[in-house]
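The values are calculated or read from the model by the stated rules, or taken from the named source; none is laboratory data. Because the structure is a prediction, the values reported are computed rather than measured. Here the Cβ positions follow ideal geometry from the backbone for every residue, glycine too, while neighbour counts run over all protein chains shown. Surface areas here come from the heavy atoms of the whole protein model, side chains and all, with no ligands, DNA or RNA. Shrake-Rupley method; radii C 1.70, N 1.55, O 1.52, S 1.80 Å.
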Amino acid sequence: MTTKIGQAIGELAAAVERLREATRGYPALSEKLFGGADTWIRLLQYKLLPHLGGEGCLVIAVAGGTNTGKSTVFNMLLGGNVSPVRPTAAATCRPVVAANARRASQCLDGLLLSGFRPLPLSDPDAPISHDTPPDALFVSQQDALPDRLVLMDIPDVDSIDRDHWELAENIQAAGDVLVAVVTPEKYKDERVVAFFQRARAAGRRILPLMNKADPRQDYAAARAQLEDFRRSAGLERGPAFVMPHDFDLAGNFQREIAPLDGEKHLRAYLDTLDAASIKTEVYRDTIRHFSTQFGAFLDILEDTSRQLRAVVADFEARADQCAEQYDPEPGEDVGRLVHDFVQSKRGPLRRAIGYVNDKVGQGMFSVWRRAGAALRGYTENGEERSARTADDLAETQRRRVETLACTLAENFVRTVQTLGEPAQSLAGGEEALNIEAVVREIVEETTRNVELSRTFREHARQTMEAWWNDHAVGRRVLMELDWILAASPFAVALTMGVLTGGFGVPEVAAMSGTFASTFFAKIMEHQFADHWIKFVQPWRDEQRARFRCALRAHLADAFLARIRAAIAVLEGEAVETMRRCHEQCRKES
Ligand SMILES: Nc1nc2c(ncn2[C@@H]2O[C@H](COP(=O)(O)OP(=O)(O)OP(=O)(O)O)[C@@H](O)[C@H]2O)c(=O)[nH]1
Ligand SMILES: [Mg+2]
């Protein structure tokens, strides 16, 4: 199991590192993913990764509440004063590891206990000095120890110094066997019990030791207390040890630690432990524990990416809905298409010129007059402008686009406030969004003149051709209109020039140019009636599509860029690798 799974664990750890690195720029995302990941990261870093290096070697940690005598026990197991013993609480603040030459050098190379900063224990008081690096691990070479054991003295698991808890948890993850040093006053403490409960759940062997025990009636009180401790920490029956209260310590660490039942004192008992099988058992349990927790982590990853995808879909749908509300009015370019079409029919038109009746001519002339006035910006009786020039039309279009884009932007800003984390932070972005500039870009892109598409031209030609063949009357009106627009502006201008002393001539002359096309679009709207809607529909669709693309590309993307990047991370190669390796761990555990 070990080689294959060891490889998977190695790959998985590297992928986790890549994911951590990739999410570093997104604090809310990183918090969501790794906020509750301490336990499995610890198991991975302190236990699973170093496992291969420590093959066959048991890591035995002396753990417990503050001032219970851990350092004393550690020294007694070594038969000498290695870790400083102090009457003050929370004295030991850095872990100390004792190992023979080979294991000590493995420790110093970070092979046996990774995640710490291994340093040789040259100053005996270093483990109780806060001036040392917080992640320091002091290594003391103890040649009396066999190759298959390393011993650790660790900071308490319950003092007010929270750093100690953290460290204790890391060591708990790193150890295979924990000697649980309790006292009659402390064996019930919640933090202490919970610590060993977690350790047991993560597959660690636990050997309870009652210090300062009352030896009367064959340790009756200690037995009851240890039983109680076992029950609350979820420990199975097994060997337990005692140290009497009246023990004169005074630096004498040459004494043995007695078993409560059985023959072997603690040090001898440790020697009998089957390192290989305990290692395998602890490793398997750790993998199982890790696998469950990592599975939950992968679920969080998936949920987060699903949540972010939903936000993207929602924002895009809002942009699309906004684009649907855009109802562009065809202007000069569409009109020109109709105009050109009619002009292409001029063969018969020329022949029909003689039939232009006065009524149509007069009607058109009055339309002209109004249109001419529109060019000047007011009507004959001085009202505010009612008819519109091509420029007016373009301006109206711009304003419509602008209003819609602004409304959508406001909608986005409001929606961001309602999003959960990490979506909110990601969509909110780091720097404030320059909405004005974004809207300007959208307006520019949507309303700038672009050639009518080939598809629309073809559609228009076919629709007009069909209409032309089916509508004799309408056709005539158009032909006549074309004739007027094509041939008579100058005649009308001339007449007007005479009647008005030159006033209005330029306007009328202008009608043969750009305005004629806009005008044609309007006329067609009436002539085509039902057909008109169908006729311009593809054009409208194209305009909307242009608007939609601009909304998505400039506005939605401004809100979604970081979300998209986060999704790419969450669905990227690192996560793929994690899933594959996790599956392997799951199968093997
Ligand atoms: N009388 C008596 N004193 C003890 C016993 N065990 C430890 N002590 C004393 O209790 C004090 C704390 O002992 P340590 O071994 O430093 O305890 P610790 O659990 O390592 O303490 P921290 O590292 O501060 O958490 C010292 O003064 C010891 O001499 C014991 O069995 N009987
Ligand atoms: Mg200590």
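What to note about this one:
- Options I171, I160: the member that is part of a loop (DSSP other than H, G, I, E, B) and in the same structural domain as R102 (by TED's automatic domain parsing): I160
- Looking only at residues in region 130-145 that are within 42 Å of the chain's Cα centre (by Cα) and of a type in the set (A, V, I, L, M, F, W, C), the one that is surrounded by the fewest Cβ atoms within 10 Å (Cβ to Cβ) is A136.
- Residue list for region 56-72, restricted to those being more than 9 Å from ligand 2 (Cβ to nearest atom) and either part of a helix (DSSP H, G or I) or more than 19 Å from I160 (Cβ to Cβ) (or both): G56, C57, L58, V59, I60, A61
- Pairs where the first residue, in region 64-80, is assigned by TED's automatic domain parsing to the domain that holds A180 and the second is hydroxyl-bearing (S, T, Y) and within 6 Å of ligand 1 (Cβ to nearest atom), C-beta under 6 Å, 6+ apart: S71/T92
- Residues in region 146-163 that are in contact with a Lys or Arg (Cβ under 8 Å, 6 or more places away or on another chain), open to solvent by 10 Å² or more (accessible area, probe 1.4 Å) and away from ligand 1 (no atom under 13 Å from the Cβ): 1 in all.
- Some residue of region 53-76 being more than 24 Å from L266 (Cβ to Cβ), modelled with pLDDT under 95 and either away from ligand 1 (no atom under 12 Å from the Cβ) or surrounded by fewer than 23 Cβ atoms within 10 Å (Cβ to Cβ) (or both): yes
- Positions within region 182-199 being basic (K, R) and under 17 Å from E166 (Cα atoms), in sequence order: R191, R198
- Yes/no for D228 being part of a helix (DSSP H, G or I), at positive phi, more than 16 Å from ligand 2 (Cβ to nearest atom) and of a type in the set (D, E): no
- Residue within region 301-318 that is open to solvent by 20 Å² or more (accessible area, probe 1.4 Å), charged (D, E, K, R) and at pLDDT below 90 present: no
- For region 137-164, the set of residues classified as within 15 Å of ligand 2 (Cβ to nearest atom), under 14 Å from P95 (Cβ atoms) and in contact with a helix residue (DSSP H, G or I) (Cβ under 8 Å, 6 or more places away or on another chain) consists of L137, F138, S140, L151, M152, D153, I154, P155, D156, V157, listed by residue number.
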